[in-house]
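Colleague: Dumping the structure here so I can ask a few things about it.
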């Protein structure tokens, strides 16, 4: 009876403690939201115009766009803190933002730009993009263009999108200019994976694009039937496309008083590239009649002085890009030598970077590969490691390659390597003077989002818990606690060597040849002959306090995200 009372009292105290924690978190969330709303409503700071007399760049500029910004990030929205890191790195690199008029002056009057010029934009016209990006723009005195869809303006059901009153207010503080993604985001000529004809769908009805075998944007083609034959003639196609632009002009003129000067057609890279010439012609006539600047492409960040104002290019930074990924891409496109971010220099000092770029963030090591090459990071003073247990969480995108090396002899180029490639686990060894030999390979359990062909969307992330034990000439491998190899033989010549990490892009992602390998909670322990642990050789995981703080932070971010969605 006494034990029951003690248990009841303990349960009461635990519940009471949890209530207090929840109350504190909710209070913090409400406070943060109040601050964010206050900053959004009241323009506290104004953009400071640069001294353009000092500008002397006549080569060109880079353009970077983001789909949108969220508090903690999603497969489509970059996290606010990640955006801050991106823009901080660009600012430290020397990049200064330019306006729409600066671009017009550059091409029409050959006026100079800042030494490192950046045109920054946020597409889709979302409330959260404005809310979370504004303080970052203020911090670095950056100017950005916010783009919108005309059919979202004045639509009271579209509460997550900025409305005319908000857009007009944003441009008054100088940090924002306005642009357009078009009248609507609608898809045509959709066929599913079974080649069944679906037809036309709006964005809200067509969220799972990976389920389709093919589709096109509303302005990019004739509307076709199930046999892929145009179901409209030239006159009907032109009337439809002209009508879209006419509605766009009317809404912007009515709601804003003007048509935004910058246009980014959806989808990028389609106009003038393999589409029917008649469709391209009617688009180009309307674009050049309505807009002053058109970013038509998104494969390259750099625009040189010979570019066409109606065929400019930008890089759409993906939400899963870590900071060095963006810098690696810009370096590739411009040929510029980049200053990569390091993060925690104390932790970085324990590793030797052999290729790529590495950022040390809390309990993570993010290893970014060079374009079409491998990133490689070697643990210092690990040359003589022999019998050991290594555990780590591999948290990069599924489409890509993350590898852990043990007994890596860099002089003889010999090693034992475990790789996670496109959701397949691969174990390989290389002995001195010989080719790489595969010891084991196995596809891991299927993940949500896998297509019928066994491929994955490029932005799917999955954490795998890896555990490797090497003892003498035997090797044991566990992934997510499942044993895949147990006391399996390895080459007798692989007696000792260091630990290394590697990242590489996958050909399954043809749009991006740079990859971020993410290695978290790496722990290395030596083991004795009996298999018992002897000493901790390396550990970059959280301690108990850091883990608690990280969980509370996640809880707060999740709560704020839900609140923003409701508002």
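Colleague: Calculate the FRET efficiency for residue 247 and residue 311 from the Cβ-Cβ distance with a Förster distance of 35 Å, rounded to the nearest 0.05.
Modeller: The formula returns an efficiency of 0.90 here.
Colleague: May I have the extent of the alpha carbons of segment 446-498 along their three principal axes, as whole Å values ordered from largest to smallest?
Modeller: In descending order, the Cα extents are 41, 20, 19 Å.
Colleague: Give me the three principal axis extents of segment 230-322 from the C-alpha atoms, as integers in angstrom, largest value leading.
Modeller: Extents along the principal axes, in whole Å: 44, 35, 31.
Colleague: If you don't mind, another one. Compute the orientation-averaged projected area for segment 99-162 from the convex hull of its Cα atoms and round it to one decimal in nm².
Modeller: 5.4 nm²
Colleague: Points 7 angstrom from Cα along the Cβ direction at residue 209 and residue 72: gap in nanometres?
Modeller: 2.6 nm
Colleague: On the Cα set of segment 342-541, report Rg and Dmax in Å, please.
Modeller: 16.1, 49
Colleague: Turning to a different aspect of this structure: Once the Cα atoms of helix 127-140 and of the chain are each reduced to a long axis, what angle between those two axes, in degrees from 0 to 90 to the nearest 10, is obtained?
Modeller: 80 degrees
Colleague: Could I ask something else about it? Calculate the all-directions average of the projected area of segment 366-449's alpha-carbon convex hull, and give it in nm².
Modeller: Its average projected convex-hull area is 6.9 nm².
Colleague: Below 8 Å, C-alpha to C-alpha, sequence gap of six or more: please give me the relative contact order for the chain in percent.
Modeller: 12 percent
Colleague: To continue, here is another question. If you bin every alpha carbon distance in segment 158-300 into 5 Å steps from zero, what whole percent lands in each bin?
Modeller: Per 5 Å bin, starting at zero, the Cα-Cα P(r) for segment 158-300 comes out as 2, 9, 17, 20, 19, 15, 10, 5, 2, 1, 0 percent.
Colleague: Residues of segment 433-450 with backbone nitrogen within less than 17 Å of a virtual label 7 Å along the Cα-to-Cβ line of residue 511, please, listed as ranges.
Modeller: 449-450
Colleague: For a protection proxy built on the mean count of beta-carbon atoms within 10 angstrom, sort 245-253, 390-398, 108-116 highest first, please.
Modeller: Values: 245-253: 17.4, 390-398: 21.3, 108-116: 14.4.
Final packing ranking: 390-398, 245-253, 108-116.
Colleague: In addition: Tell me, what is the percent relative contact order of segment 342-541, built from C-alpha pairs under 8 Å that lie six or more residues apart?
Modeller: 30 percent
Colleague: What number, in nm² with one decimal, is the all-direction average of the projected area of the convex hull of the alpha-carbon atoms of the chain?
Modeller: Computing the convex hull of the Cα atoms and averaging its projections yields 32.8 nm².
Colleague: Right, here's the next one. So what is the 222 nm mean residue ellipticity for the chain from helices alone, if each DSSP H run of at least 4 adds -39500 (n - 2.57) and you divide by all residues, rounding to the nearest 500 deg cm²/dmol?
Modeller: On the way: 10 runs with 159 residues, N = 567.
For the chain, the value works out to -9500 deg cm²/dmol.
Colleague: Across 5 Å bins from 0, what is the distribution of all Cα-Cα pair distances for segment 471-526, in whole percents?
Modeller: 4, 12, 15, 19, 19, 15, 11, 5, 1
Colleague: Let me ask something else about it. Could you tell me, in Å, what Rg and Dmax come out for the Cα atoms of segment 266-390?
Modeller: That works out to 21.4, 71 Å for Rg and Dmax.
Colleague: Please report the equivalent ellipsoid semi-axes of segment 93-231, computed as sqrt(5 x eigenvalue) of the Cα gyration tensor, largest first, in whole Å. Write down the numbers at each step before the final one.
Modeller: Details: eigenvalues 258, 75, 38 Å².
For segment 93-231, the semi-axes come out at 36, 19, 14 Å.
Values in this text are rule-based calculations from the coordinates and carry no lab data. Since the structure is predicted, the reported quantities are computational estimates derived from the model, not experimental observations. A quick note on method: Cβ atoms are made from the backbone with ideal geometry, for glycine too, and the neighbour counts reach across all protein chains shown.
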